[in-house]
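Undergrad: I'd like to ask you about the structure that follows.
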Amino acid sequence: MQYPFPLLDAWASYGPRPSKDPDERWTIDHLLEDLATAGFGGALVRHEQALCYDSMFANRRLSAELEPHAGLLLPCWSAMPHQCGDFPPPAAFVAEMEAHDVRALWFTPATQGYPIHGDLLASLATVLAPRGTLLLLPIAEVGGNYRDAVEFCHIFAANPVLIAGATWGDWRLVNAILDACPNAHLEFSAMQGNRAVEWFAARHGVERCLLGTGLPRRAAGAARGFVDWSLMGQEDVAAYGSGNLARLLGVPAPA
């Protein structure tokens, strides 16, 4: 795997969605252009249609559309409980993940309307545990609820969990989550507080901090600022900028 630039984005997406501004950049070409402009060599990518249409349709579409960009754009599939019959049972789901080399999943319990509880998620956790799959949980999808976030991390205790989309207003909340859950990690696309990465890296370890942009819905300038003007040492900046995500996904890191 060869990267054109030394940075990897942990929080990027594309695709149509309801109430989108007509002038918004949303296509895969827009995403590729923005990643190149911001100097990113690759990204873990979600498909927005997973939130407003059939999740497995969106997952399969994502893998098909990313295939021409293999090694540059890495698929992150949507995952949800199977009990209502509209999503594959865990074993079948994981088999399809493996067939498409999917190494990360994102969960949206608020949008998809299910509680975070072992009754619904334990069977999925059981089959994901041996794979060490990276799991993305947007903080908005637990409504800023500490108990739900911690419960999710405990159900999936064998997997790394990336708390995404937190803002500086969530500082105390995400700090508490990281304190309580050793498997919790944090991405910083919206956490644009002063010295945020340096503070969390010093308290929780830089290995739990990941670079994210929110492209193409967000501009990447603030995200690049955390790299270009970091007060951390070079090795920590490299871990934050690409190494941690590459390690969690089990792919080669950029030089």
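The values are calculated or read from the model by the stated rules, or taken from the named source; none is laboratory data. These numbers were taken from a predicted model, which means no experiment stands behind them. Virtual Cβ from ideal backbone geometry, glycine too; neighbours counted across all protein chains shown. Remember, those area values only see protein heavy atoms, side chains included, never the ligands or the DNA or RNA. Shrake-Rupley method; radii C 1.70, N 1.55, O 1.52, S 1.80 Å.
Undergrad: Going through the stretch 14-33 one residue at a time, which ones are under 15 Å from His69 (Cα atoms) and out of contact with any helix residue (DSSP H, G or I) (no Cβ under 9 Å at 6 or more places or on another chain)?
TA: Here is the first cut: in the stretch 14-33, the residues under 15 Å from His69 (Cα atoms) are 14, 27-33.
Selection gives Thr27, Asp29, His30, Leu31, Glu33.
Undergrad: While we're on this one: Pairs only if they're at least six apart or on different chains, beta carbon under 6 angstrom, first in the stretch 171-190 and in contact (Cβ under 8 Å) with a residue 60 or more places away in the chain, second among the polar types (S, T, N, Q) and crowded, with 23+ Cβ neighbours inside 10 Å; list them, first residue then second.
TA: Correct list of pairs: Ser189/Thr213.
Undergrad: Name the single residue that is most open to solvent (accessible area, probe 1.4 Å) among those in the stretch 4-62 being in a strand (DSSP E or B) and of a type in the set (D, E, K, R).
TA: First, the residues of the stretch 4-62 that are in a strand (DSSP E or B): 8-14, 42-47.
This time we only want the ones that are of a type in the set (D, E, K, R), so: 9, 46.
Working: Asp9: 0, Arg46: 16 Å².
The selected residue is Arg46.
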